[in-house]
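Only one structure is covered here, and it is reproduced in the block below.
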């Protein structure tokens with residue numbers, strides 16, 4: 001007869017899973033996790049059907065908690081869109097740093113295509129957030145208007161998601177103390193994107209590109 005274990009909450013199971021994965025890798029089974037961490041399998045099944053769902057839930061919970069944190073700030077509603085995005089990114093990547101052992105393991109596990117599937121629920125949360133801080137249905141891109149036309153809010157959200165993926169990749173490779181270079185990348189990425197949307201001069205876009213080029217040259221020189 002299987003031993004009886006104290007019932008655990010969804011959050012407790014996720015915490016146990018993350019610690020266990022850091023020690024044992026991501027290629028684990030439900031039976032292995034439940035046995036070693038004393039989780040009743042029926043209790044586990046109340047929240048998750050597969051190990052893959054755990055990994056997706058970690059990322060979804062991370063971004064949901066970050067969005068809730070910034071939106072709970074009474075000053076947040078008075079920020080302009082640029083500062084709302086900066087506030088979110090700083091909070092999100094601070095949370096990433098607190099869980100970096102597991103998250104880096106997840107990001108670096110397998111082909112890049114795999115992580116897109118893992119981040120599916122995170123993407124949905126992020127799209128909703130971007131549509132909220134960019135509430136207009138379409139954006140006029142000034143002198144680009146004739147070539148590009150008017151872009152729907154869903155396409156804008158997709159573009160910002162690409163920015164988030166870039167920053168996640170940058171963060172995963174950032175070896176600077178306390179991920180200081182990631183903070184710089186966030187500032188430059190947000191400034192470049194918002195300047196482009198606001199149709200202001202593209203100097204900041206070029207500045208951001210120069211920053212990324214220098215980082216890649218520095219990495220290649222150290223390899």
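Quick notes
- Any hit, segment 122-131, residues being touching a helix residue (DSSP H, G or I) at 6+ places or on another chain (Cβ under 7 Å), modelled with pLDDT under 90, surrounded by 13 or more Cβ atoms within 10 Å (Cβ to Cβ) and in a helix (DSSP H, G or I): yes
- The residues listed here are 195, 145, 174; of these, the one that is over 18 Å from the mean Cα position of the chain (by Cα), buried (at least 18 other Cβ atoms within 10 Å of the Cβ) and either modelled with pLDDT under 90 or assigned by TED's automatic domain parsing to the domain that holds residue 99 (or both) is 195.
- Just one of the listed residues (31, 53) is without any contact (Cβ under 8 Å) to a residue 12 or more places away in the chain, more than 30 Å from residue 194 (Cα to Cα) and touching a helix residue (DSSP H, G or I) at 6+ places or on another chain (Cβ under 8 Å), and it is 31.
- Within segment 101-115, tally of residues that are part of a helix (DSSP H, G or I) and without any contact (Cβ under 8 Å) to a residue 24 or more places away in the chain: 4
- Annotation note: of 48, 93, the sole residue that is buried (at least 16 other Cβ atoms within 10 Å of the Cβ), in contact (Cβ under 8 Å) with a residue 12 or more places away in the chain and over 30 Å from residue 177 (Cα atoms) is 48.
The values are calculated or read from the model by the stated rules, or taken from the named source; none is laboratory data. The model shown is predicted, which means the values in this text are computed figures rather than measured ones. Glycine gets a Cβ as well: all are built from the backbone with ideal geometry, and neighbour counts include every protein chain shown.
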